[in-house]
Every structure is written in C-alpha cells, then in structure tokens.
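Written out below as structure tokens is the structure these notes cover.
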Amino acid sequence: KMFRLQNPQMLHMLEKSLRNSLPESLKVYGTVFHMNQGNPFNLKALVDKWPDFNTVVVRPQEQEMTDDFDHYTNTYLVYSKDPKNCQEYLGTSDAINWKQHLQIQSSQSSLDEVIQSLAAAKFVGVKRSQCLLYMMPKTARKLVPFLLENKNFGPESGRPKAIDQEMFKLSSLEITHAALVNKFWHYGGNERSQRFIERCIRNFLTTCLLGPAGTPVSWALIDHTGEMRMGGTVPEYRGQGLVSYVNYFQAQALENLGFPVYMHTDRDNKFIQKMSHTLQHILMPCDWNQWNCTPL
C-alpha cells in the first residue's frame with residue numbers, strides 16, 4: 001500500500017526533495033508546489049515509503065472523483081526514482097482507480113513500459129501523448145541553473161514584440177470566458193473540459209488580451225499542476241504575436257508570485273516552438289507525457 005502524506009510539514013519536505021530531482025520530477029514538483037499554496041484542487045500525495053520515498057503519486061481525493069468518465073479531474077501525477085520497480089505500487093488499488101477514465105501525467109518517459117503493462121493487466125486501453133517540455137528562463141535559472149551553462153542571453157532578448165495597446169488591453173479571464181477557451185483547447189471541446197477550465201479560472205491567475213469588442217482575443221492560464229496550458233488566440237487575430245505577449249506577461253506575473261512556470265507543446269506545433277525560442281524558454285532534456293486510460 002502507499003502511504004498518504006497528511007501534514008503540511010511532510011508536503012513541504014516532499015516539495016524540497018522533488019526539487020532535487022528536477023527536471024524529471026517537474027510535473028509532480030509543480031503540483032506539490034501548488035498543494036502547498038492552498039491546494040485548491042483538493043489533491044493528496046501518496047508515497048511508497050517515507051522519508052526516503054522512491055515513488056510519488058499525486059491525485060484528487062476520492063470525493064472529487066465522482067464522475068467515472070471525467071479524465072480531466074481523474075488525473076494522476078507520477079514521479080519515481082526507480083521506474084523499473086514502481087509497478088507494484090501503481091498497481092495497488094488505492095493508488096490509481098483503474099475502473100475510471102483517467103489520465104496519468106509525468107515528465108518521465110521511462111514510466112511508459114510500466115503504465116502500458118499495468119494497463120494491459122487491468123484491461124485498460126492507453127493512448128500516449130509525448131510532447132516537448134519547456135521551463136521559463138527565470139524559473140530555470142532558479143531551479144535548474146545547470147541546464148543554462150552554455151546559453152548566452154542578451155539583456156534585451158526574450159521579450160515579445162510590442163502590440164497595439166490602443167487596440168488590445170491586458171486583462172484577466174472571467175468564468176464566462178471558459179466556453180471560448182474550451183472551444184480552442186486542443187484537449188478540450190466538451191462539457192467536462194469546460195468545467196475543468198472554469199475551475200482553473202476560478203482558482204488561478206490568468207492573463208488575456210481584450211480586443212476592440214471587449215472580449216478576449218488571446219489568453220493563457222495554468223492548471224492544478226502549475227503548468228501554463230489551454231492558451232490560444234481566436235483565428236482572426238493570429239499571426240500578430242499576441243500569444244507571445246500574453247505568455248510573457250502570464251509567466252512574469254506567476255514568477256513574481258514565486259511560482260515555477262513551465263509548459264509543453266506538441267512536436268508538430270512549430271509555431272509555439274518558435275515562440276518559445278523567441279521568449280528564451282528552456283527546452284527540458286525530458287518529455288511531457290500523458291497517458292489517457294480507458295477501461296475496455
């Protein structure tokens with residue numbers, strides 16, 4: 001069985017320990033960081049042993065996971081120092097509820113074999129997404145300075161190009177904007193994803209640009225793991241650098257609060273990769289992984 005870390009002191013120790021395993025522990029580190037900032041998504045952290053843990057699973061509490069088909073809520077974040085031997089812990093019934101539609105996220109590709117073989121044993125179908133993982137420059141300087149050793153950044157570089165400030169106003173998202181965000185989110189477009197987006201808007205800092213009509217034309221927000229996600233620009237305003245602008249200001253605002261800031265993008269999304277290059281995001285040596293699991 002896995003052991004739940006109940007008190008704040010343990011969670012702070014866990015955060016500190018995960019920090020030493022960056023960047024591979026990034027998804028779990030970011031989540032635990034936000035648990036220590038008030039835990040708005042009501043998550044719990046499980047470890048195989050304490051304090052010298054090998055495997056950590058962060059997941060919602062049971063009372064949050066009432067919809068068996070809601071994989072946005074039924075999300076598990078996993079990090080293991082010993083990916084080869086963490087199978088028995090991930091397979092125990094109290095760690096992951098394999099009877100539900102769920103997703104597992106991790107910045108460790110080495111977990112793929114374990115998750116695939118567990119899913120086969122539990123009669124669960126798996127669809128894996130593997131994406132590029134980036135950390136924002138200020139966060140990287142603080143958390144993984146060793147990854148910046150051979151990079152030369154000029155003092156003025158890494159800023160977005162100016163936009164027409166008469167036409168666009170920097171603002172934050174309202175709950176009523178969730179439908180718009182959901183419409184353009186690659187992983188969204190349904191009722192459950194919209195509920196998830198509403199929850200993120202309600203609980204976390206968001207940034208958007210309001211267009212001439214006073215509605216958002218470009219936006220950025222974070223999820224419960226602290227990752228910048230669900231960003232987008234409405235089609236008629238694309239190609240003007242708005243998403244770079246929004247991303248830059250959202251990252252700055254989060255970093256001013258002391259949050260670690262990171263994001264992922266699809267390997268085929270050359271546009272966002274170009275933006276990341278311009279804004280000097282640091283490409284991580286590990287991947288962003290998501291396994292979508294469906295009981296057969």
Test: residue 296 is in contact (Cβ under 8 Å) with a residue 12 or more places away in the chain, surrounded by fewer than 19 Cβ atoms within 10 Å (Cβ to Cβ), under 16 Å from the mean Cα position of the chain (by Cα) and more than 20 Å from residue 159 (Cα to Cα): no
Among (1) over 30 Å from residue 74 (Cβ atoms); (2) under 18 Å from the mean Cα position of the chain (by Cα), the one test that residue 247 misses: (1)
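Any chance region 15-29 includes a residue that's of a type in the set (Phe, Trp, Tyr), at pLDDT 95 or above and either under 19 Å from the mean Cα position of the chain (by Cα) or open to solvent by less than 30 Å² (accessible area, probe 1.4 Å) (or both)?
Step one: filter region 15-29 for residues of a type in the set (Phe, Trp, Tyr), giving 29.
Adding the requirement that they be at pLDDT 95 or above leaves 29.
Within this subset, residues satisfying the condition of being either under 19 Å from the mean Cα position of the chain (by Cα) or open to solvent by less than 30 Å² (accessible area, probe 1.4 Å) (or both) are 29.
Within region 15-29, one or more residues are of a type in the set (Phe, Trp, Tyr), at pLDDT 95 or above and either under 19 Å from the mean Cα position of the chain (by Cα) or open to solvent by less than 30 Å² (accessible area, probe 1.4 Å) (or both).
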Matching entry among 169, 270, 183 (being free of Cβ contacts under 8 Å to residues at least 12 places away in the same chain and farther than 22 Å from residue 103 by Cβ): 270
Test set (1) among the aliphatic types (A, V, I, L, M); (2) open to solvent by 40 Å² or more (accessible area, probe 1.4 Å); (3) within 16 Å of the chain's Cα centre (by Cα) - residue 104 fails condition number: (2)
Of residues in region 242-275 being surrounded by fewer than 20 Cβ atoms within 10 Å (Cβ to Cβ) and of a type in the set (Gly, Ala, Ser), the one modelled with the lowest pLDDT: 258
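Give the residues of region 276-293 that are closer than 30 Å to residue 69 by Cα and open to solvent by 30 Å² or more (accessible area, probe 1.4 Å), sorted by residue number. First the steps, then the outcome.
Within region 276-293, the subset closer than 30 Å to residue 69 by Cα is 286-293.
Answer for region 276-293, where residues must be closer than 30 Å to residue 69 by Cα and open to solvent by 30 Å² or more (accessible area, probe 1.4 Å): 287, 292.
The rows are residues; the columns are (1) free of Cβ contacts under 8 Å to residues at least 40 places away in the same chain; (2) open to solvent by 50 Å² or more (accessible area, probe 1.4 Å); (3) more than 20 Å from the chain's Cα centre (by Cα).
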site: 174; (1), (2), (3): yes, yes, yes
site: 178; (1), (2), (3): yes, no, no
site: 190; (1), (2), (3): yes, yes, no
site: 193; (1), (2), (3): no, no, no
site: 212; (1), (2), (3): no, yes, yes
site: 217; (1), (2), (3): no, no, yes
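The values are calculated or read from the model by the stated rules, or taken from the named source; none is laboratory data. Small disclaimer: the values here were computed from a predicted structure and weren't measured. Heads up, the Cβs are rebuilt from the backbone with ideal geometry, glycines too, and the neighbour counts pull from every protein chain shown. With ligands, DNA and RNA removed, areas are computed over all heavy atoms of the protein, side chains included. Shrake-Rupley method; radii C 1.70, N 1.55, O 1.52, S 1.80 Å.
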